[in-house]
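These notes concern the structure reproduced below.
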Amino acid sequence: MSISRRSFGIGATGVMLGTVAAPWIRNADAAPPPIKVGVINSMSGGLAAYAQEGQPAFEYIIKKINDGGGIKSKDGAKIQLIQADDTSQPARTATEARRLITEEKVQFLTGTILSAQMLALTPVLDELKVPTLSIWAGGAHSSYMFSLGYPYDRGYAQTMHDFIKSLRDDSKFPIKTAVMSYSNYEAGQQVNKFLVEKLKASGIEVIGEAPLDTKAQDQTSAMIRIRSLKPDIVTGLVTPRDGILLHQARYNLNYQGSLFVGGTGGYSDLSLWKDLGPEIGKAVLTRNLFAMTGFSPGAKVDSMQKIIAELRDVAKLDRIGQGAIQYAQGARVLQRVLEKTTSLEPAALLDALKTFDIPFGDPDLYIAKPKGLQFAEDRLLKDGSAMMVQWMPDQSQEVVFPKEFAQAAPRPKS
């Protein structure tokens with residue numbers, strides 16, 4: 001794999017490895033030109049947890065593809081990754097995308113691209129017309145962007161609603177009221193809108209909100225509001241950073257009066273124990289808390305278990321959580337699209353994205369999707385579902401929902 005990293009120090013310039021402007025018409029013995037893929041990640045800043053865990057897994061899978069013969073339908077062309085760090089700033093996402101497209105001449109874009117970055121990136125993609133695969137965005141506002149993230153409605157909101165309803169109806173938890181507590185940015189707001197509608201339709205009264213300021217250094221005020229309202233359920237989409245602050249506040253206030261049901265990273269990320277410490281982690285993560293995730297080490301999915309073992313034993317990665325698995329999946333989607341496309345022109349790449357398919361049971365399906373991976377008309381996954389897990393005192397997770405992947409029943413409220 002040929003990887004170039006841009007240095008962001010003063011006066012530093014990136015050096016791109018590999019053939020420059022090599023023509024596709026070549027001698028029989030000449031290697032085909034590389035397929036240039038721009039990778040925009042949030043390697044620093046408030047959203048860095050996603051990319052810092054995921055990028056090593058992405059690079060490992062791309063190297064494996066290249067070492068295994070490259071893109072076979074393109075005469076074995078290798079994938080060349082050209083990296084950019086948007087420092088978790090949406091405006092910079094757009095700036096780096098424009099640089100990668102106009103200066104580095106990339107033919108495809110991918111990377112973290114969470115919802116806020118997706119919105120900033122949309123005008124650039126619409127103008128420059130470069131097909132893009134987001135690893136995390138919950139929406140796709142440009143016709144040139146597709147996403148592996150959970151759709152706001154049928155992904156995040158539907159999964160959390162279905163689990164809460166199952167807790168009430170199947171596990172007989174007394175659930176009548178809810179408070180919405182979510183990271184107050186585009187994705188959190190959109191998920192909250194759909195989730196409120198679904199909960200109300202199922203007869204659960206929403207008695208208030210406690211949105212989490214994404215720039216706050218403490219979430220005690222939100223937890224005090226939750227405590228004053230005393231809901232049966234606290235639910236919403238929470239980022240890893242906001243989750244840490246929320247759980248710290250819950251611990252400091254010793255609040256155990258509600259069930260906390262949320263996603264994704266702020267409830268399920270494996271880094272939570274390290275950031276909270278074992279004492280706080282055991283006190284809050286293992287009591288009255290259920291987490292939404294697309295990955296759990298204990299999930300009964302054979303292909304997921306195999307990629308976990310490979311990233312651990314072969315790639316020697318230190319962190320193998322949802323971020324690593326999601327990025328590994330992104331690399332396999334990229335491979336399938338490049339194999340399928342008839343050319344590297346935007347229209348052909350878009351057709352390949354629209355029609356690609358990784359069915360359930362395929363060894364390259366790493367995330368828990370009972371219906372496999374295909375994109376819907378809105379360029380988000382047709383199967384946007386996720387799993388719900390509960391933390392164990394040894395810092396492991398048990399899948400409790402849906403039943404296809406469940407290892408255990410939800411533990412009773414304490």
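Inside segment 57-81, can you point out the residues that are in contact with a Lys or Arg (Cβ under 8 Å, 6 or more places away or on another chain) and part of a helix (DSSP H, G or I)?
Of everything in segment 57-81, those that are in contact with a Lys or Arg (Cβ under 8 Å, 6 or more places away or on another chain) and part of a helix (DSSP H, G or I) turn out to be I61, N66, S73.
Hey, I325 hits all of (1) within 22 Å of the chain's Cα centre (by Cα); (2) open to solvent by 30 Å² or more (accessible area, probe 1.4 Å) but one; which does it fall short on?
(2)
Could you check segment 299-321 and list, in sequence order, the residues that are under 30 Å from F173 (Cα atoms) and either among the charged types (D, E, K, R) or open to solvent by 20 Å² or more (accessible area, probe 1.4 Å) (or both)?
K300, the sole residue that qualifies.
Look through segment 291-313, keep the residues that are touching a residue at least 40 places away in the same chain (Cβ under 8 Å) and β-branched (V, I, T), and return whichever of them is farthest from L365 (Cα to Cα).
Once the filter is applied, the top-ranked residue is T293.
Could you check segment 365-390 and list, in sequence order, the residues that are at negative phi, touching a strand residue (DSSP E or B) at 6+ places or on another chain (Cβ under 6 Å) and modelled with pLDDT of 95 or more?
Across segment 365-390, the qualifying residues are L365, L373, F375, L380, M388, V389, Q390.
Out of S166, S143, I need the residue that is at pLDDT 95 or above, open to solvent by less than 60 Å² (accessible area, probe 1.4 Å) and either among the aromatic types (F, W, Y) or within 26 Å of S385 (Cβ to Cβ) (or both). Which one? Lay out the reasoning, then the answer.
Details: S143 fails: open to solvent by less than 60 Å² (accessible area, probe 1.4 Å).
Exactly one of S166, S143 is at pLDDT 95 or above, open to solvent by less than 60 Å² (accessible area, probe 1.4 Å) and either among the aromatic types (F, W, Y) or within 26 Å of S385 (Cβ to Cβ) (or both), namely S166.
Suppose we keep only residues that are touching a Pro at 6+ places or on another chain (Cβ under 8 Å) and basic (K, R) within segment 61-81. Which one would you say is surrounded by the fewest Cβ atoms within 10 Å (Cβ to Cβ)?
By that ranking, first place goes to K74.
Of the residues A97, A157, A137, A84, which single one is of a type in the set (A, V, I, L, M) and either surrounded by fewer than 24 Cβ atoms within 10 Å (Cβ to Cβ) or in a loop (DSSP other than H, G, I, E, B) (or both)?
Just one listed residue meets the conditions, A137.
The values are calculated or read from the model by the stated rules, or taken from the named source; none is laboratory data. Quick caveat, the model's predicted, so the values are computed rather than measured. Backbone-built Cβ (ideal geometry, glycine too); neighbour counts: all protein chains shown. For the accessible areas, the whole protein counts, side chains as well, though only heavy atoms, and no ligand, DNA or RNA atoms are used. Shrake-Rupley method; radii C 1.70, N 1.55, O 1.52, S 1.80 Å.
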